[in-house]
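Participant: My questions will all concern the structure given below.
The values are calculated or read from the model by the stated rules, or taken from the named source; none is laboratory data. Everything numeric in this text was worked out from a predicted model, so none of it was measured. Every residue, glycine as well, gets a Cβ built from its backbone with ideal geometry; the counts of neighbours run over all protein chains shown. In case anyone asks, the SASA skips ligands and DNA or RNA and just uses the protein heavy atoms, side chains included. Shrake-Rupley method; radii C 1.70, N 1.55, O 1.52, S 1.80 Å.
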Amino acid sequence: MSLPVFPAAYPDPGVTRRVLSENADLMVVSFRFDQGAEGKLHSHPHVQSTYVASGKFRFFRGGEAILLNQGDSLVIPGNVEHGCQCLEQGELIDCFTPRRDDFLSL
């Protein structure tokens, strides 16, 4: 069985996004950040979890600032404004439910 390979996308300066796997109910995505890069504040209806695979990040969720280090995780409810700043180069592994169809169209 051959797994699909999804192309990289560059949603913000210093940020590389790659879908790792997906189906209609769930999507797993890697976000690699250069130090100083930002995931701009935004919201979407999907529930999102993020896991810090490496690096150090300051997350903003619903007006609250949260410092996350390697091994930490966070859940972001749907329709809550959120974003992050990368304090040390790293990678986030995010899961979305349902799938982010907008990540599949380039």
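Participant: If I go through the range 43-66 residue by residue, how many of them are farther than 13 Å from Val29 by Cα and out of contact with any Phe, Trp or Tyr (no Cβ under 9 Å at 6 or more places or on another chain)? Please lay out each step first, then the result.
Facilitator: Quick first cut of the range 43-66, residues farther than 13 Å from Val29 by Cα only: 43-47, 54-66.
After this cut, where a residue has to be out of contact with any Phe, Trp or Tyr (no Cβ under 9 Å at 6 or more places or on another chain) as well, the list is 43, 45, 54, 56, 58-64.
Total meeting the criteria: 11.
Participant: Taking the criterion of being touching a helix residue (DSSP H, G or I) at 6+ places or on another chain (Cβ under 7 Å) and at pLDDT 95 or above, would at least one residue in the range 29-37 satisfy it?
Facilitator: Looking through the range 29-37, at least one residue is touching a helix residue (DSSP H, G or I) at 6+ places or on another chain (Cβ under 7 Å) and at pLDDT 95 or above.
Participant: What tally of residues in the range 23-38 results from selecting those that are among the acidic types (Asp, Glu) and either farther than 21 Å from Gly62 by Cβ or free of Cβ contacts under 8 Å to residues at least 40 places away in the same chain (or both)?
Facilitator: Filtering the range 23-38 for residues among the acidic types (Asp, Glu) gives 25, 34, 38.
Going one step further and asking which of them are either farther than 21 Å from Gly62 by Cβ or free of Cβ contacts under 8 Å to residues at least 40 places away in the same chain (or both), we end up with 25, 34.
So the count comes out to 2.
Participant: Could I ask something else about it? Can you tell me how many residues in the range 19-61 are surrounded by fewer than 16 Cβ atoms within 10 Å (Cβ to Cβ) and of a type in the set (D, E, K, R)?
Facilitator: Here the count works out to 4.
Participant: Among the residues of the range 39-94, write down those that are touching a residue at least 24 places away in the same chain (Cβ under 8 Å), in contact with a Leu (Cβ under 9 Å, 6 or more places away or on another chain) and of a type in the set (Lys, Arg).
Facilitator: Those that are touching a residue at least 24 places away in the same chain (Cβ under 8 Å), in contact with a Leu (Cβ under 9 Å, 6 or more places away or on another chain) and of a type in the set (Lys, Arg): Lys56, Arg58.
Participant: Another one. Would you please name the residue that is nearest to Thr97 (Cα to Cα), looking only at residues in the range 1-56 that are of a type in the set (Ser, Thr, Tyr) and not in a loop (DSSP other than H, G, I, E, B)? Can you show your working first?
Facilitator: Kept after step one, since they are of a type in the set (Ser, Thr, Tyr), are these residues of the range 1-56: 2, 10, 16, 21, 30, 43, 49-51, 54.
Narrowing the set further to residues that are not in a loop (DSSP other than H, G, I, E, B) leaves 16, 21, 30, 49-51, 54.
Working: Thr16: 20, Ser21: 12, Ser30: 15, Ser49: 9, Thr50: 12, Tyr51: 15, Ser54: 23 Å.
Residue satisfying both the conditions and the ranking: Ser49.
Participant: Restricting to the range 1-18, and then to whatever is small (Gly, Ala, Ser) and at negative phi, can you tell me which residue is most open to solvent (accessible area, probe 1.4 Å)?
Facilitator: Filtering the range 1-18 for residues small (Gly, Ala, Ser) gives 2, 8-9, 14.
Then drop every residue that is not at negative phi, which leaves 2, 8-9.
Details: Ser2: 103, Ala8: 29, Ala9: 14 Å².
Only one residue tops the list, namely Ser2.
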